[in-house]
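Take a look at the structure set out below.
The values are calculated or read from the model by the stated rules, or taken from the named source; none is laboratory data. Keep in mind that this is a model prediction, so the values were computed, not measured. Don't worry about glycine lacking a Cβ; one is built from the backbone with ideal geometry, like all the others, and counts go over all protein chains shown. Heads up: the accessible areas ignore ligands, DNA and RNA and are worked out on the full protein's heavy atoms, side chains in. Shrake-Rupley method; radii C 1.70, N 1.55, O 1.52, S 1.80 Å.
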Amino acid sequence: MVVVDTSAWVEWLTDSPLAEKVAPYLERLDEVVVPTLVQYELYKWAARERDEAAALTIVGFTAQARVEPLDTTRAIAAAETAVQHRLPMADAIVYACAQAHDARLVTSDAHFQNLPSVEYLGKPARKPRT
């Protein structure tokens, strides 16, 4: 199982230089867990950067995976994760979901870089301006 963080989804959706690294994880949606928070963040991003129709299409695509709602048990685990790893709320929820499923977390978000069971896809260094 794998949880693909919002940052990695956006890399894939924008066909960024990291898209090729994310793509293999999204080829088998039956092995992907999608926290509802990721759906929220993707909808918000797509509605802002594209339009409502694109946002609905993207969320519909994520719904083909195993969607995990935020319930009380997961919320408490996320709060404990936030304290333990000093993560912001959204990151803690996503990471707690991955941990609950014994899944790897695929991300390009540096907040997760040194945590266990994380596949951190570092962004390529930007070329200095001349």
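Looking only at region 96-105, count every residue that is in contact with a helix residue (DSSP H, G or I) (Cβ under 9 Å, 6 or more places away or on another chain), in contact (Cβ under 8 Å) with a residue 40 or more places away in the chain, closer than 16 Å to TYR120 by Cα and in a helix (DSSP H, G or I) and tell me the total.
First pass over region 96-105, keeping only residues in contact with a helix residue (DSSP H, G or I) (Cβ under 9 Å, 6 or more places away or on another chain): 96-97, 99-100, 103-105.
From what is left, the residues that are in contact (Cβ under 8 Å) with a residue 40 or more places away in the chain are 97, 103-105.
Add one more test, that the residue is closer than 16 Å to TYR120 by Cα, and what stays is 103-105.
Checking which are in a helix (DSSP H, G or I) leaves us with none.
Qualifying residue count for the region: 0.
Would it be correct to say that THR6 is among the hydroxyl-bearing types (Ser, Thr, Tyr), closer than 16 Å to VAL118 by Cβ, surrounded by 12 or more Cβ atoms within 10 Å (Cβ to Cβ) and over 14 Å from the mean Cα position of the chain (by Cα)? It would help to see each step written out before you state the result.
On the way: among the hydroxyl-bearing types (Ser, Thr, Tyr): yes; closer than 16 Å to VAL118 by Cβ: yes; surrounded by 12 or more Cβ atoms within 10 Å (Cβ to Cβ): yes; over 14 Å from the mean Cα position of the chain (by Cα): no.
So THR6 fails the test.
Going residue by residue through region 106-113, is there one that turns out to be aromatic (Phe, Trp, Tyr), open to solvent by less than 60 Å² (accessible area, probe 1.4 Å) and touching a residue at least 60 places away in the same chain (Cβ under 8 Å)? Reasoning before the result, please.
Just the residues of region 106-113 that are aromatic (Phe, Trp, Tyr), to begin with: 112.
Okay, now just the ones that are also open to solvent by less than 60 Å² (accessible area, probe 1.4 Å), so 112.
Now drop any that are not touching a residue at least 60 places away in the same chain (Cβ under 8 Å), which leaves 112.
Scanning region 106-113, I find at least one residue that is aromatic (Phe, Trp, Tyr), open to solvent by less than 60 Å² (accessible area, probe 1.4 Å) and touching a residue at least 60 places away in the same chain (Cβ under 8 Å), so the answer is yes.
Across region 74-88, what is the total count of residues that are open to solvent by 20 Å² or more (accessible area, probe 1.4 Å), closer than 18 Å to GLN113 by Cβ and hydrophobic (A, V, I, L, M, F, W, C)?
1
Can you name every residue in region 40-73 that is open to solvent by 40 Å² or more (accessible area, probe 1.4 Å) and aromatic (Phe, Trp, Tyr)?
Matches in region 40-73: TYR40, TYR43, PHE61.
Filter region 106-124 for residues that are closer than 19 Å to GLU31 by Cβ and in a helix (DSSP H, G or I) and give the result.
Answer for region 106-124, where residues must be closer than 19 Å to GLU31 by Cβ and in a helix (DSSP H, G or I): there is none.
(1) in contact (Cβ under 8 Å) with a residue 12 or more places away in the chain; (2) closer than 18 Å to SER7 by Cα; (3) of a type in the set (A, V, I, L, M): which one isn't true of ALA54, the others all being true?
(1)
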